[in-house]
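The structure under discussion is supplied below as structure tokens; questions concerning it will follow.
The values are calculated or read from the model by the stated rules, or taken from the named source; none is laboratory data. In this text, all values refer to a predicted model and were calculated from it rather than measured experimentally. When we count neighbours, we look across all protein chains shown, and the Cβ atoms used for this are built from the backbone with ideal geometry, even at glycine. Each accessible area value is taken on the protein alone, full model and side chains, heavy atoms only, with ligands, DNA and RNA left out. Shrake-Rupley method; radii C 1.70, N 1.55, O 1.52, S 1.80 Å.
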Amino acid sequence: MSSLSLQDIVCCMGQPLGRNPTQYMMEKAFSAAGLDWRFLTLEVSPEHLVAAVEGMKAMGFRGGIFALPHQLTVLPHLDALTETAKVVGAVNLVYVSQDKYVGDNTDGKGFVEALQKLMDPKGKNIVVLGAGGTARAISVELALAGVESITIVNRTVGRGQELVTLLNQTFDGRARLVQWDGDYAVDPETDLLVNATSIGLRDESAHVPVDFEVFTEQMVVADVIHNPPKTNLLKAAGQRGCKTLDGLEMLVGHAAIDFTTWTGISPDTTIMREALEEYFEL
Ligand SMILES: NC(=O)c1ccc[n+]([C@@H]2O[C@H](COP(=O)([O-])OP(=O)(O)OC[C@H]3O[C@@H](n4cnc5c(N)ncnc54)[C@H](OP(=O)(O)O)[C@@H]3O)[C@@H](O)[C@H]2O)c1
């Protein structure tokens, strides 16, 4: 029960958002931090995005998380963008600074923070599957973390090449593109394989076209898909002795940054992870 009639409000906007666990996790974290904040899950269609963002501003929301399909289209409707959001070209976090609604991208930082618990990416050989907004955010952040090489594997060459060109602008030619055609055979020298595609989202039976037979125990395999958390890719990697990083850890990683940006307080990430496991009945 709130002690005040006015609470601070943040939200998640996307479509579809059914079974999205962010509200459940954030409300537990607000409560644990003693904050009287509210988190709303708002299913917003692309044609209503502009009105919804204006409404968010008009009602004084403290910020929001933007999910598919709004992560690119929301950019022109914000008052300012951080350097990261400009480089990545996509926004997942909106916060208020000096009365301006600022777009940022914390997906990559959240991923790297989660990854640091398993491995330091510095000096490592990385394969990223996908070249969409999430792959861009993760690859840029991995490049900044000092990896040795990044191979982008993408179905659509143009999109993949765009990302490789972006990475090589600051990455000294150590990024390369492989067109994804059939089961991709990961180079045995690979230290980290990341599925940053949308393959598997809300689809337990989905198969990421990768040759599992070449996985080695030295590899870390990560999947950005958080629903379902135990994807077929991670199951196959686990069976072959790889360390795995699931989409829930990435979610906790960026949600913790989002929480701190909005409130100025660091959340309890153990409570956040536990909330997600409770939500998905793991
Ligand atoms: N766990 C987390 O915290 C977290 C955070 C952010 C996002 N995500 C998840 O990340 C996923 C990707 O999001 P996004 O914003 O990057 O999406 P996006 O911009 O639409 O990009 C999707 C990527 O997946 C590839 N792809 C989709 N279907 C494919 C298929 N059947 N075969 C091969 N490639 C395929 C696309 O390849 P083409 O270029 O060839 O189309 C593209 O590279 C979403 O599922 C989202 O839920 C998770």
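To the nearest 10 square angstrom, how much accessible area does His48 have with a 1.4 angstrom probe?
So the heavy atoms of His48 present about 110 Å² to solvent.
Taking 1 over the mean of 1/r across every pair of different Cα atoms in the range 69-134, what Kirkwood radius in Å do you get?
Result for the range 69-134, one decimal place: 13.3 Å.
Can you sort Phe280, Phe66 by 1.4 Å-probe accessible area, starting with the largest?
Highest to lowest solvent-accessible surface, that is Phe280, Phe66.
Oh, and also: Just how large is the dipole of the chain about the Cα centre, in debye to the nearest 20, putting +1 at every Lys and Arg Cβ and -1 at every Asp and Glu Cβ?
Numbers: 22 positive and 36 negative charges, 60 e Å.
Approximately 280 debye in magnitude.
Sorting check: for 114-125, 172-183, which peptide has the highest mean count of neighbouring beta carbons within 10 Å, and how do the rest follow? Let's see the in-between values first.
Numbers: 114-125: 16.1, 172-183: 14.1.
So the peptides 114-125, 172-183, ranked by packing, come out 114-125, 172-183.
Enter the Cα centre distance for the pair the range 188-236 and the range 1-77, rounded to the nearest angstrom.
Centre-to-centre distance over Cα atoms comes out at 29 Å.
Compare Asp191, Asp258 by solvent-accessible area with a 1.4 Å probe and give them largest first, with all protein chains kept in place. Kindly include the intermediate steps, with their values, before the conclusion.
On the way: Asp191 40, Asp258 0 Å².
The most accessible residue leads, giving Asp191, Asp258.
For a quick check of understanding: with a 1.4 angstrom probe and all protein chains in place, what accessible area in square angstrom does Glu83 have, to the nearest ten?
Approximately 120 Å² of Glu83 is accessible to the 1.4 Å probe.
Also: Nearest 5 percent is fine: what portion of the DSSP beta bridges confined to the range 101-232 is antiparallel? Could the numbers behind the result be given before it?
Details: 0 of 19 bridges.
The antiparallel fraction comes to roughly 0 percent.
Pull up the cross-link candidates among the aspartates and glutamates for Lys243, meaning alpha carbon to alpha carbon under 18 Å and not fewer than 8 places away within one chain.
Within reach: Glu113, Asp120, Asp187, Glu189, Asp191, Asp211, Glu213, Glu217, Asp223.
Order the following by accessible area, largest value first: Val74, Val87. Probe radius 1.4 Å; ligands, DNA and RNA are ignored.
Working: Val74 0, Val87 60 Å².
Largest accessible area first, the residues go Val87, Val74.
Counting just the Cα atoms, what span does the range 215-261 cover along each of its three principal axes? Round to the nearest Å and put the largest first.
So the extents along the principal axes, rounded to whole Å, are 38, 21, 9.
Convert 20 °C to kelvin, take the viscosity as 1.002 mPa s, use the Kirkwood radius over C-alpha pairs of the range 108-245 as Rh, and evaluate the Stokes-Einstein diffusion coefficient in µm²/s, rounded to a whole number.
146
Under 16 Å between alpha carbons, and skipping anything fewer than 8 positions from Lys109 in its own chain: which lysines qualify?
List returned: Lys86, Lys117, Lys122.
Sticking with this one: Could you please state how large a percent of the accessible area of the chain is carbon and sulfur, counting protein chains only and using a 1.4 Å probe?
Carbon plus sulfur share of accessible area: 49 percent.
Here's something else I'd like to know. Rounded to the nearest 500 deg cm²/dmol, what is the calculated helix-only ellipticity per residue at 222 nm for the chain, with -39500 (n - 2.57) per DSSP H run of length n ≥ 4?
-11000 deg cm²/dmol
Quick one: Cα convex hull volume of the range 102-189, Å³ per residue?
Roughly 100 Å³ of hull volume per residue.
I need the phi-derived Karplus couplings for the range 163-174: 6.51 cos²θ - 1.76 cosθ + 1.60, θ = phi - 60°, integer Hz, Gly and Pro marked x.
5, 4, 4, 4, 5, 6, 4, 10, 10, 6, x, 8
Hey, what D do you get for the chain in µm²/s if you plug the Kirkwood alpha-carbon radius into Stokes-Einstein at 37 °C and 0.692 mPa s?
This corresponds to a translational diffusion coefficient of 170 µm²/s.
Tally the DSSP beta bridges in the chain and give the antiparallel ones as a percent, rounded to 5.
20
Under a 1.4 Å probe, what is the accessible area of the range 108-245 per residue, stated in Å²?
Accessible surface, normalised per residue, equals 45 Å².
Give the accessible area for Ser31 in Å² (nearest 10); use a 1.4 Å probe, count only protein heavy atoms, and leave out ligands, DNA and RNA.
80
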